[in-house]
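A short write-up of the structure that comes next.
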């Protein structure tokens, strides 16, 4: 279903949607999949693109959370490890196994983390990956030759999952659509409509693409807007007290030479108490992250100078080749929607478990959580929403639901592997028009056919949608991405029959945004 078809469906729809979801990130999309899978008439609206915010800016890990184990949050670790196992089964084209090494520079670290990882293994149960084990100094350096050898005593190797967050988001939107839901991006909810008793029975929404306004009725409205949860809660109740504390996580992307092996590095406790990751991803190395409290949410968060310095300083501490600013291929920041506890702590200590509530008006709000547990969050939310709406209760059946694109045994060296079963559709495009197999830029793995595919099959509306989320070019090499943008604009303009003025406007917007991904 294209965006135009989705819009027409909303225009032609008479009556009440069973479930209306505001927010197209991991949680909202998960809710749409779950709701549609139960047979409910489901509409999802997002004010920007799917996964534009937090859900495309993660460390690309599907994990139980070693830090949460350290903090004693055992129930969250068990839930996340279980969900990690399900996600590996349900989206094998996007989720893979990743080995992590915890280097030991203190004599007591090895046994301490070795024991901790054995607990981590045990908590995963039948859905575990491989067993962790203690490594000698020589074994550690064999796996990570660029790790700082001075003072190194050995380490522990353990296993978690790795994925492509934005691609999974798009596949969830497609899964929801396949099941009968209607997901639409660039649709901003401007008002909650209430009946005489004060119960919400719909929303007013504005189309950001053409300015059209709609009134949409629904039996229940779900607020799954992440860092913007408070804005919807305030729309419902002007006296609402904010419950979300934003925490910013910034990542630097370096060339593969800084982390040439297949293993990732996990430093569980930096000198200021944070966790540091260096992870191989898409032929690059992602280094991060930070945990910086941010006052107000922003749809396009920008990395702070002190965060850049923090990540570079710690990368130099653990890598033999010291990365400098000029080595950074891209920088990206994301905001975590943490639910404030009554006694506010440092953001790194706030629980990552999810929070579900129902307002007096019937507004269902789901907040907090993390990518790994999106499916369980959605199940809990739709259980609650179906009760609020008075719908016939149907049990969730998403534990073994294959996500759109499901394909086992993909070749990760194939540049199109992340499309899974959709890969044949892209191949068909360039077989019919061989020029579509040409690369967008010599330094990027993406081809012209992927632009066409994103426009026709993945709701892409802007250059950024394509280069940042349908492809991951903006995160992998921001300068190469900027150079590829005119070609992308040209393909889009031809596909949609747009003029030069449209192209110039789109490029100007994209160049302005891309500045934040390049370190000067």
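Points worth noting:
- Scanning the stretch 501-510 turns up no residue that is exposed (fewer than 15 other Cβ atoms within 10 Å of the Cβ) and in a loop (DSSP other than H, G, I, E, B).
- In the set 129, 78, only one residue is outside the structural domain of residue 373 (by TED's automatic domain parsing), surrounded by fewer than 22 Cβ atoms within 10 Å (Cβ to Cβ), at pLDDT below 95 and closer than 15 Å to residue 263 by Cβ; that residue is 129.
- Hits in the stretch 285-305 (condition: under 19 Å from residue 330 (Cβ atoms) and surrounded by fewer than 19 Cβ atoms within 10 Å (Cβ to Cβ)): 298, 299, 300, 302, 304, 305
- Of the candidates 4, 27, the single residue that is assigned to a helix (DSSP H, G or I) and either touching a helix residue (DSSP H, G or I) at 6+ places or on another chain (Cβ under 6 Å) or closer than 19 Å to residue 171 by Cβ (or both) is 27.
- Counted residues, the stretch 150-197 - those being without any contact (Cβ under 8 Å) to a residue 12 or more places away in the chain and touching a strand residue (DSSP E or B) at 6+ places or on another chain (Cβ under 8 Å): 1
- Which listed residue, of 433, 378, is closer than 30 Å to residue 246 by Cβ, modelled with pLDDT of 95 or more and out of contact with any strand residue (DSSP E or B) (no Cβ under 7 Å at 6 or more places or on another chain): 378
- The stretch 82-103, subset touching a strand residue (DSSP E or B) at 6+ places or on another chain (Cβ under 9 Å) and part of a helix (DSSP H, G or I), residue farthest from residue 416 (Cα to Cα): 83
- The sole residue among 28, 53, 39, 65 that is on the phi > 0 side of the Ramachandran plot and crowded, with 22+ Cβ neighbours inside 10 Å is 65.
- Among residues of the stretch 419-444, those that are surrounded by fewer than 17 Cβ atoms within 10 Å (Cβ to Cβ) and not in a helix (DSSP H, G or I), counted: 5
Quick grid of which residues meet (1) within 25 Å of residue 29 (Cβ to Cβ); (2) outside the structural domain of residue 47 (by TED's automatic domain parsing); (3) buried (at least 18 other Cβ atoms within 10 Å of the Cβ):
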| position | (1), (2), (3) |
| --- | --- |
| 448 | no, yes, yes |
| 465 | yes, yes, yes |
| 468 | yes, yes, yes |
| 475 | yes, yes, yes |
| 485 | no, yes, yes |
| 512 | no, yes, no |
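The values are calculated or read from the model by the stated rules, or taken from the named source; none is laboratory data. Since the structure is predicted, the reported quantities are computational estimates derived from the model, not experimental observations. Ideal geometry is used to build each Cβ from the backbone, glycine not excepted, and the neighbour counts take in all protein chains shown.
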